[in-house]
Amino acid sequence: MLALPAAIDRLAAARRWRYRASDESAAEPAAWAALALAAAGDAASAARPAEWLAGIQQPSGAVGVSASQDDPRWPTSLAMLAWATLDRLAGNARFASCIGAAAQWSLADRGRAARQSEHIGHNTELVGWSWAADTHSWLEPTCMFVLGLRAAGFDRRPRVQEGVRLIVDRLLPDGGANYGNTIVLGRPLVPHLQPTGLAVLTLAGQQQRDARIEKSLNYLARTVSGDTAAASLAFACLGLAAHGRLPLQAAAWIEAALDGERRPPTSEYERALLVLAAQPVDRWLPAASHTHSAATVNEDS
Amino acid sequence: MATPLPPGRNAAQRIGRRAVLLAGGLAAVGAAGWRLARGAAPRRASVFIARSQRYDSDLVKTISDGLAACGLKAEHLRGKRVLLKPNLVEPNRAIPHMTTHPAVILAAAEAFRRYGARVTVGEAPGHVRDTELALDESGVGEALRDGELQFADLNYQDVAWRPNAGRISPLKGLFLPRAVVEADYVVSMPKLKTHHWVGVTASMKNLYGVLPGIKYGWPKNVLHHAGIPETVADICSTVPRALAIIDAIDCMEGDGPILGSIKPMGLLLIGANLPAVDATAARIMGLEPARVSYLKLAHGRLGPLDERMISQRGERWPSVASPFKMLPYAHLQQLRADSGSPPA
């Protein structure tokens, strides 16, 4: 069990937070790195990517996808989540102004609704958040904004509540989530681990009783394995952990992924996700009511 | 499939504006051989069809023969950067006929390497943010390791903005990943499939997958809102020199491009003019190319659809045609060559 401490050290030492394919820092990897380091107890190192995010925050309060790309601005959600989490864990208001501006921008930003179509299974009139400006609301950005706004204390806002309804609406009839469509031309689509993990992570502690949530957890539990690719593994474990359903082997899977037993997590993005998934989820996500870390698992799940 | 709205945009109403084409250039090959056309659509093009192909047969030879038959010579490729762009839209081990088969990718890579080209494989999966998962599920990741091929994750690469050379959609420009901008040739390598919104997806529609999710989202909803046929034509106008190698060995019919049924055809289609290749593919599928919205937009701008302007190499398309099942919706059934409707 040496890979996790080494990964935390490498993440703490990083000065750029990148996707695997890119040379420049990007907002999403930076936000996950800040969260992972904060959850791992390294507040000083967590502050570095958080400060970098503050540095690229735009006057509007939004945060673009990377150092060079101001648009689209969906990572505003994750920056807000990171800043709010760091402040809460540190018991200070270091990022308060960043959070306020980001929340204001986020609450004004709206995915495009569409008239209901007989060909489309999901409720196209619900308003959540989109990947890019002036496009339809999609599952994953809506999850990220709900997480961010809840962390920032806006969980009772109607926009956030509608976002939660959208997430439930986008779950597939037999559980799991596709990238966002559910039924097209009468056929249910195929679930995937990453959007499903993110969706159930977001729904943890939300008092939602829809049967598709349980089915989604079952889908995650029977599908994720040690062979799962790093990001999907991390999101699946985060979602399961938030509901107290983390499999016994999860810690070993994450350790192996960090160790490069199959393939090394060569980017800060994947390393951050795996480190975060290895931490007790209630350390950084207070809404999760039933939490287990990858290190303290529940065999009954 | 990704847009929540079925296609209803009347492309013809919005393309009366002058379309300035081919600033990026498309390769045009006629009977006279290989030449590059910049600023004008080729009037003629060649398309090579090989039949009786299997994933374990000598696909390197077939692809090499096809490229040569379309006029491609070593001098065009020696030392050049070639980006192979398969279709890995939403890979799933249970639906291997959804994505380009790894054997075809490896064979194409070998064929281009033998020409002295530097080959990279790149894709921006349209529905899956976890590209590593897409490579695992499709089997392409393992093939790339076996073939010692570099992979460019086009969803997350650094991007460059290029003016929209097609100007058919309202988009003023397109963000393209570094690997696309730097490529001397982009080889569109789709799986031949039906598509439940636009009828058919082949080499032109496959180029949606060169645009980065980091700018356009998952799905690439910016493009859907700008019009699927219009943006397909715009991307094909803007991407640097493009070639097509279509995996039509095991195809998909019915509810494509994700959930359709397997349709074994045993074909490879190769060409240097994407509309001509796709028009030929549509004919093989039993569709009228001029009724396919994005092909209609491409006609005369990017290449020929007219059978008389397409030189058939290898097999002739009528000898390999086998109508694909289409979902029973009017917008799809009217694409059929035997529907009785006049071409749109």
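Looking only at residues of segment A:116-144 that are at the interface with chain B (Cβ under 7 Å from one of its Cβ atoms) and among the β-branched types (Val, Ile, Thr), we find that the one that is farthest from A:Gln161 (Cα to Cα) is A:Ile120. Exactly one residue out of B:Arg162, B:Arg93, B:Arg113 is more than 9 Å from chain A (Cβ to nearest Cβ), in a helix (DSSP H, G or I) and open to solvent by 30 Å² or more (accessible area, probe 1.4 Å), and it is B:Arg113.
Looking for whichever is surrounded by 23 or more Cβ atoms within 10 Å (Cβ to Cβ) and either assigned to a loop (DSSP other than H, G, I, E, B) or touching an Asp or Glu at 6+ places or on another chain (Cβ under 9 Å) (or both) here; the options are A:Gly175, A:Gly153, A:Gly180, A:Gly163. Which one fits? Spell out the reasoning first.
Numbers: A:Gly175 fails: surrounded by 23 or more Cβ atoms within 10 Å (Cβ to Cβ); A:Gly153 fails: surrounded by 23 or more Cβ atoms within 10 Å (Cβ to Cβ); A:Gly163 fails: either assigned to a loop (DSSP other than H, G, I, E, B) or touching an Asp or Glu at 6+ places or on another chain (Cβ under 9 Å) (or both).
Sole residue among the options that is surrounded by 23 or more Cβ atoms within 10 Å (Cβ to Cβ) and either assigned to a loop (DSSP other than H, G, I, E, B) or touching an Asp or Glu at 6+ places or on another chain (Cβ under 9 Å) (or both): A:Gly180.
Restricting attention to segment A:194-212, the residues that are assigned to a helix (DSSP H, G or I) and either surrounded by fewer than 24 Cβ atoms within 10 Å (Cβ to Cβ) or hydrophobic (A, V, I, L, M, F, W, C) (or both) add up to 7. Against the conditions (1) more than 14 Å from chain A (Cβ to nearest Cβ); (2) open to solvent by 10 Å² or more (accessible area, probe 1.4 Å), B:His225 satisfies every one except (1).
Looking at segment B:204-217, can you tell me whether even one residue there is buried (at least 23 other Cβ atoms within 10 Å of the Cβ), farther than 15 Å from B:Pro86 by Cα and touching a helix residue (DSSP H, G or I) at 6+ places or on another chain (Cβ under 7 Å)? Yes.
When every residue of segment B:289-305 is checked against the conditions, none turns out to be over 23 Å from B:Arg54 (Cβ atoms), within 14 Å of chain A (Cβ to nearest Cβ) and of a type in the set (Phe, Trp, Tyr).
Select from segment A:229-268 the residues that are among the polar types (S, T, N, Q) and open to solvent by 10 Å² or more (accessible area, probe 1.4 Å) and list them in ascending order.
Keep residues of segment A:229-268 that are among the polar types (S, T, N, Q), which gives A:232, A:249, A:266-267.
Correct list: A:Gln249, A:Thr266.
Within segment A:66-98, restricting attention to residues that are acidic (Asp, Glu) and open to solvent by 30 Å² or more (accessible area, probe 1.4 Å), the residue that is nearest to A:Ser25 (Cα to Cα) is A:Asp70. Regarding segment A:28-41, can at least one residue be identified that is part of a loop (DSSP other than H, G, I, E, B) and open to solvent by 10 Å² or more (accessible area, probe 1.4 Å)? So far as segment A:28-41 goes, yes, one or more of its residues are part of a loop (DSSP other than H, G, I, E, B) and open to solvent by 10 Å² or more (accessible area, probe 1.4 Å). Annotation note: of A:Ala230, A:Ala199, A:Ala236, A:Ala221, the sole residue that is within 24 Å of A:Gln161 (Cα to Cα) and out of contact with any strand residue (DSSP E or B) (no Cβ under 6 Å at 6 or more places or on another chain) is A:Ala236.
Results for (1) crowded, with 24+ Cβ neighbours inside 10 Å; (2) in contact (Cβ under 8 Å) with a residue 24 or more places away in the chain, shown as yes or no for each residue.
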{"residue": "A:Ala102", "(1), (2)": "yes, yes"}
{"residue": "A:Ala108", "(1), (2)": "no, no"}
{"residue": "A:Ala114", "(1), (2)": "no, no"}
{"residue": "A:Gly121", "(1), (2)": "no, yes"}
{"residue": "A:Val127", "(1), (2)": "no, yes"}
{"residue": "A:Ser137", "(1), (2)": "yes, yes"}
{"residue": "A:Thr142", "(1), (2)": "yes, yes"}
{"residue": "A:Leu149", "(1), (2)": "yes, yes"}
{"residue": "A:Pro158", "(1), (2)": "no, no"}
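Just to be sure, is B:Val232 within 14 Å of chain A (Cβ to nearest Cβ) and β-branched (Val, Ile, Thr)?
No; evaluated as a whole, the condition is false for this residue.
Here A:Arg48, A:Arg10, A:Arg18 are screened, and the one residue that is at pLDDT 95 or above and within 14 Å of another protein chain (Cβ to nearest Cβ) is A:Arg18. Considering (1) away from every other protein chain (no Cβ under 12 Å); (2) surrounded by fewer than 24 Cβ atoms within 10 Å (Cβ to Cβ); (3) closer than 28 Å to A:Ser22 by Cα, the lone condition that B:Ala183 does not fulfil carries the number (2). Of the residues examined, B:Ile258 is one that is under 30 Å from A:Leu139 (Cβ atoms) and among the β-branched types (Val, Ile, Thr).
Conditions (1) surrounded by fewer than 24 Cβ atoms within 10 Å (Cβ to Cβ); (2) touching a Lys or Arg at 6+ places or on another chain (Cβ under 7 Å); (3) outside any helix (DSSP H, G or I); (4) of a type in the set (Val, Ile, Thr), marked per residue:
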| residue | (1), (2), (3), (4) |
| --- | --- |
| B:Leu133 | yes, no, no, no |
| B:Glu137 | no, yes, no, no |
| B:Ala143 | yes, no, no, no |
| B:Glu148 | yes, no, yes, no |
| B:Gln157 | yes, yes, yes, no |
| B:Gly166 | no, no, yes, no |
| B:Ser169 | no, no, yes, no |
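All conditions but one from (1) in contact (Cβ under 8 Å) with a residue 40 or more places away in the chain; (2) over 29 Å from B:Ala248 (Cα atoms); (3) within 11 Å of another protein chain (Cβ to nearest Cβ) apply to B:Asn155; the one that does not is (2). Being away from chain A (no Cβ under 14 Å) and either crowded, with 23+ Cβ neighbours inside 10 Å or of a type outside the set (Phe, Trp, Tyr) (or both) is a description that applies to B:Arg118.
Could you tell me whether A:Ala54 is among the hydrophobic types (A, V, I, L, M, F, W, C) and part of a loop (DSSP other than H, G, I, E, B)?
Working: among the hydrophobic types (A, V, I, L, M, F, W, C): yes; part of a loop (DSSP other than H, G, I, E, B): no.
No, not satisfied.
Residues of segment B:231-248 that are surrounded by fewer than 24 Cβ atoms within 10 Å (Cβ to Cβ) and either among the small types (Gly, Ala, Ser) or at pLDDT 95 or above (or both): none at all. Filtering B:Glu148, B:Glu132, B:Glu182 for residues that are among the acidic types (Asp, Glu) and either at positive phi or modelled with pLDDT under 95 (or both) leaves a single hit, B:Glu148. Of all residues in segment B:306-326, those that are surrounded by 19 or more Cβ atoms within 10 Å (Cβ to Cβ) and over 22 Å from B:Arg51 (Cβ atoms) total 1.
The values are calculated or read from the model by the stated rules, or taken from the named source; none is laboratory data. Since the model is a prediction, treat every value here as computed from it, not as a measurement. Cβ sites come from the backbone with ideal geometry, for glycine too, and all protein chains shown count toward neighbours. We work out accessible area using only protein heavy atoms, side chains counted, and drop any ligands, DNA or RNA first. Shrake-Rupley method; radii C 1.70, N 1.55, O 1.52, S 1.80 Å.
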